[in-house]
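Read through the structure below, which is laid out as structure tokens, and then see the notes.
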Amino acid sequence: MKRSLFALITGCLLAVSFTVFAGPGAIEGVQKQPVNVSAIAMFLIFVLATLGITKWAAGKTKSTADFYTAGGGITGFQNGLAIAGDYMSAATLLGLTSMVYFKGYDGFVYAVCFFIGWPIILFLMAERLRNLGKFTFADIASYRLDQNRIRTFAAIGSLTVVCFYLIVQMVGAGQLIQLLFGLEYNTAVICVGILMMVYVTFGGMTATTWVQIIKACLLLGGGITLMLLTLSKFGWSLDNLFTKAIESHKLGEKLMAPGSLMADPISAFSLSLGLLFGTAGLPHIMMRFFTVPNAKEARKSVFYATGFIGLFFLVTMVLGAAAISIVGTNPDFFEGGVVGGKLIGGGNMPVMHLTKAVGGDIFLGFLSAVAFATILAVVSGLALAGASAISHDLYARVIKKGTATSAQEMKVTRIASVGLGITAILLGIAFKDQNVLFASSVNFPILILSMYWKGLTTRGALWGGIAGLVSSVGLVVLSPTVWVKILGNSAAIFPYDHPAIVSMTLAFFVTWLLSVTDKSARAVKEKEAFEEQYIRAQTGLGASGAHAH
Amino acid sequence: MSQKTLQEKIRGNPKFAELVGKRTRFAIILSLVVLVPYYSFMLLVSLQPQIFAAKISEGSVITIGWPIAALIVIGGWLLTGVYVNRANGEFDRLTQEVLKEANK
């Protein structure tokens with residue numbers, strides 16, 4: 001159970017790509033709960049407010065630039081909140097608190113790993129992303145390389161990440177909503193899918209951004225309020241809180257120091273590598289850099305986002321530790337009232353039970369509504385990234401070779417959004433009760449090399465990308481979690497659960513080797529074209545500005 | 001003016017070299033300031049976990065591991081502030097000058 005839980009969180013957050021496996025559900029034995037009226041009422045208020053925003057946004061969304069990037073008119077602060085909103089999913093809140101609840105300090109180590117990519121994104125990528133990109137990640141990867149092949153590969157890479165990420169979110173949504181609101185799983189999945197289609201299809205990036213901002217505020221506000229309520233129960237003393245936690249937890253004092261999770265240095269290194277660069281390869285996160293008017297605002301947005309995400313992680317640590325004594329000793333929260341047995345609703349529920357314990361039913365309703373809103377917002381961001389890969393990259397650039405009119409492209413985007421919504425619903429229903437996990441790192445090597453390395457050629461990027469993709473999928477299949485736990489073989493062929501250390505090295509190596517040995521005329525031209533890209537990346541010369549219509 | 005000559009003018013401007021050099025160095029230094037402590041932390045967590053079990057003070061149950069991890073998070077955020085502050089001031093001024101001089 002612990003293992004699948006970690007896999008799930010890793011999957012939810014890490015997600016550079018790929019593959020999906022059926023396994024025992026992470027949230028086991030979810031029982032449908034009685035219908036929670038206050039939670040549903042609060043959620044409806046959120047939905048009405050966001051639909052109002054969508055209507056307003058729809059009026060402002062006239063061109064493709066409006067649709068994909070809100071016309072580049074989002075401020076750094078707003079975008080920072082929205083990036084934080086994209087990154088802080090319901091799985092982050094539930095998963096990280098639950099890790100601290102079960103494993104103590106190891107949960108904090110995980111949180112640090114998830115966090116640490118953000119400063120690096122700012123130092124090495126943010127302004128180059130903004131200066132080079134227009135609508136999608138593929139714009140940058142294919143900037144001076146073969147438009148057809150690299151763009152197609154990058155778009156397919158993005159779509160795959162989006163689809164598998166959607167599965168995680170939809171399945172999580174179904175299970176959570178079933179538990180918190182007492183709705184049927186399928187009803188919940190269909191609701192999320194339809195709302196997502198409405199936001200994205202009509203409101204585009206403007207609506208999606210505002211849904212993210214509202215949700216980020218609600219999640220941070222809710223989390224901080226819950227933390228303050230909780231701390232008041234411990235006389236505002238962290239020492240008191242931890243003393244109680246140690247008394248209540250079967251790990252005792254061991255709770256307070258690193259445990260078994262990171263015991264193997266290679267595994268820990270591989271995980272941290274995957275998390276460090278995984279974030280930088282998420283298409284829906286990268287897309288957010290194109291919504292601000294210039295590099296200045298792009299930098300500011302990472303500063304704000306990093307602050308909000310860091311704050312959120314610290315809050316979840318306190319909540320997880322507080323849940324140990326408050327939830328862990330209360331028979332009301334265990335199945336059959338057996339303290340230390342199975343938590344009602346499964347291993348991801350400590351923070352929800354904590355909410356009920358310190359805030360009562362109304363606050364639980366509020367946080368449930370926030371969790372639902374969170375899933376909705378993350379799913380919308382994903383769908384928008386997927387729709388833009390289809391309409392901007394595949395349709396407008398690869399198929400139409402840039403001859404599509406703005407109106408045609410918009411039409412395709414909207415059809416793609418509806419298609420992705422339906423796909424998400426079907427995937428959510430098909431993967432009901434399944435545990436989903438990913439492995440890392442397909443987008444990142446191409447992205448970083450295209451920005452930093454003059455010698456990159458189409459041949460290198462394409463084969464390096466394929467090598468990274470195939471190896472990360474393959475190694476996850478052969479890893480202990482999948483090969484042994486899910487497929488039932490006796491010994492794992494690949495000893496680590498996190499393949500980044502191998503797959504990223506391989507991707508970089510293949511890209512390098514096939515680029516330096518590429519003596520074609522096109523390769524020479526691609527290397528020459530680096531100069532123009534370099535100056536634009538450094539100065540913003542020729543970068544797409546705000547309101548490019 | 002064609003894009004090509006504009007690029008050549010930018011490339012030929014010593015301020016461009018200054019901008020790129022300063023910014024690259026700054027970004028690398030800050031990345032190291034984040035990554036070296038982070039990977040040292042990860043290494044110690046996996047190899048010498050007992051280090052983190054020391055108590056922060058006599059009579060407290062809190063181990064030094066908690067404030068250290070919190071410090072990595074808070075420090076990482078503060079460093080983003082340091083970068084943004086310099087990039088949005090000094091570096092952006094240099095960039096504007098380079099672009100203006102190229103357009104002359």
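None of the figures in this text is laboratory data; all of them are computed from the coordinates on show. All values derive from a computational prediction rather than experimental measurement. Cβ: placed from backbone, ideal geometry, glycine included. Neighbour counts: every protein chain shown.
The table for this structure:
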| read-out | value |
| --- | --- |
| Cα-Cα separations in the stretch A:31-437 greater than 27 Å, expressed as whole percent | 50 |
| Computed FRET value (nearest 0.05) for residue B:15 with residue A:253, which takes r as the C-beta separation and R₀ as 56 Å | 0.45 |
| Residue A:408/residue A:260 FRET efficiency (R0 56 Å; Cβ-Cβ; nearest 0.05) | 0.50 |
| Which of A:191, A:217, A:113, A:163 has the fewest Cβ neighbours within 10 Å, and the rest in rising order | A:217, A:163, A:191, A:113 |
| Alpha carbon Rg of the stretch A:186-266, scaled by the compact-globule rule 2.2 N^0.38 Å | 1.78 |
| Calculated from backbone phi, Karplus (6.51, -1.76, 1.60) coupling profile of the stretch A:127-143 in Hz, x at Gly/Pro | 6, 5, 4, 5, 6, 9, x, 10, 10, 9, 4, 5, 3, 7, 4, 9, 3 |
| Cα coordinate range in the stretch A:395-534, projected on the principal axes (Å, largest first) | 52, 42, 21 |
| Entries of A:215/A:432; A:62/A:525; A:300/A:527; A:400/A:432; A:300/A:400; A:244/A:432 with Cα pairs more than 29 Å apart | A:62/A:525; A:300/A:527; A:400/A:432; A:300/A:400; A:244/A:432 |
| Inter-site label distance for residue B:85 and residue B:104 at 7 Å from Cα along Cβ, in nm | 3.2 |
| Size-normalised alpha-carbon gyration radius of the stretch B:3-103, reference 2.2 N^0.38 Å | 1.67 |
| Packing-based exposure ordering (other Cβ within 10 Å, fewest first) of A:342, B:104, B:9 | B:104, A:342, B:9 |
| Sites residue A:509 and residue B:39 - FRET efficiency at Förster radius 25 Å, r taken between beta-carbons, to 0.05 | 0.70 |
| log₁₀ of I(q)/I(0) at q = 0.12, 0.16, 0.19 Å⁻¹ - the stretch A:234-327, Debye sum with one point per alpha carbon | -0.64, -0.90, -1.00 |
| Label-point separation, residue A:520 to residue A:399 (7 Å along Cα→Cβ), nm | 2.5 |
